1. In this structure, does VAL72 turn out to be β-branched (Val, Ile, Thr) and either out of contact with any strand residue (DSSP E or B) (no Cβ under 9 Å at 6 or more places or on another chain) or in contact (Cβ under 8 Å) with a residue 24 or more places away in the chain (or both)?
2. Working only within region 158-187, note down all residues that are in a strand (DSSP E or B) and among the acidic types (Asp, Glu).
3. With modelled with pLDDT of 85 or more, part of a helix (DSSP H, G or I) and over 17 Å from GLU160 (Cα atoms) as the only criterion, which of GLU9, GLU37, GLU41 stands out?
4. Among the residues of region 90-118, which ones are basic (Lys, Arg), assigned to a helix (DSSP H, G or I) and in contact with a Cys (Cβ under 8 Å, 6 or more places away or on another chain)?
5. Can you say whether PHE82 is aromatic (Phe, Trp, Tyr) and surrounded by fewer than 16 Cβ atoms within 10 Å (Cβ to Cβ), as far as the supplied structure shows?
6. Need pairs with beta-carbon distance below 6 Å; first residue free of Cβ contacts under 8 Å to residues at least 12 places away in the same chain and within region 114-141, second in a helix (DSSP H, G or I); sequence gap 6+ or separate chains.
7. Looking only at region 150-193, which residues are more than 12 Å from the chain's Cα centre (by Cα) and of a type in the set (D, E, K, R)?
8. Got a number for residues in region 17-34 being within 16 Å of ASP171 (Cβ to Cβ) and part of a helix (DSSP H, G or I)?
Amino acid sequence: MITAEMVKELRALTGVGMMDCKKALIEAGGDKEKAKELLREKGLSMAAKRAGRIAAQGIVDSYIHLGGKVGVLVEVNCETDFVARNEDFRAFVRDICLQVAATNPTYLKREDVPAEVIEKEKEILTKQALAEGKPEKIVEKIVTGRLEKFYGEKCLLEQEFIKDQDKTVNDLLTELIGKIGENIVIRRFVRFEMGEGLDSSEPS
């Protein structure tokens, strides 16, 4: 049986996305060293090594949805202008625009979530678990699991990719880095929705 702990350990060792780690462990029959070799062969583990390289080129792309009701701007960086013109790179940026438009993430990655937001979420989830009658000794484990779901909804890199829910956005990014051979970074994004934050009862 492949456990979440095994997947996390392999991810920590290779820097590869959770879904790819899980697939490699399943393929390797739970053998961690064999799974590492499988990932290495696919070139995915190289993505982590490229992460420190400066990515100062790239593009800013936009997407307008629902007849002008939703707009998205995304900046994705790479190392060279050559890759910035690459079709796979540009298709990836376009997919990220679509992802942001569809899922409305609040943060780029889990490290961006403020500590006070996490603590508040833990407090809410703890109260929910206790209200559901869960035994106190397993409440912490339940909260941890539900907090992962929170990250998966609110953080762009942790989200399931809308075109392939077997992958996260980070898995998609890692695969592209392995394929292209350059460090690629989703730098920032912003999503606008018509009327967002306005009280419709107030005059404009």
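The values are calculated or read from the model by the stated rules, or taken from the named source; none is laboratory data. Since this is a predicted model, take the numbers as computed values, not measurements. Glycine also receives a Cβ, built like all others from the backbone with ideal geometry; neighbour counts cover every protein chain displayed.
1. yes
2. GLU160, ASP164, ASP166 - these are the residues of region 158-187 that are in a strand (DSSP E or B) and among the acidic types (Asp, Glu).
3. Residue meeting the stated conditions: GLU9.
4. ARG110
5. For PHE82, the condition - aromatic (Phe, Trp, Tyr) and surrounded by fewer than 16 Cβ atoms within 10 Å (Cβ to Cβ) - is met.
6. As it stands, the answer is LYS134/ILE142, since those pairs meet every condition given.
7. Hits for region 150-193 are LYS163, ASP164, ASP166, GLU175, LYS179, GLU182, ARG187, ARG188, ARG191, GLU193.
8. Matching residues across region 17-34 total 10.
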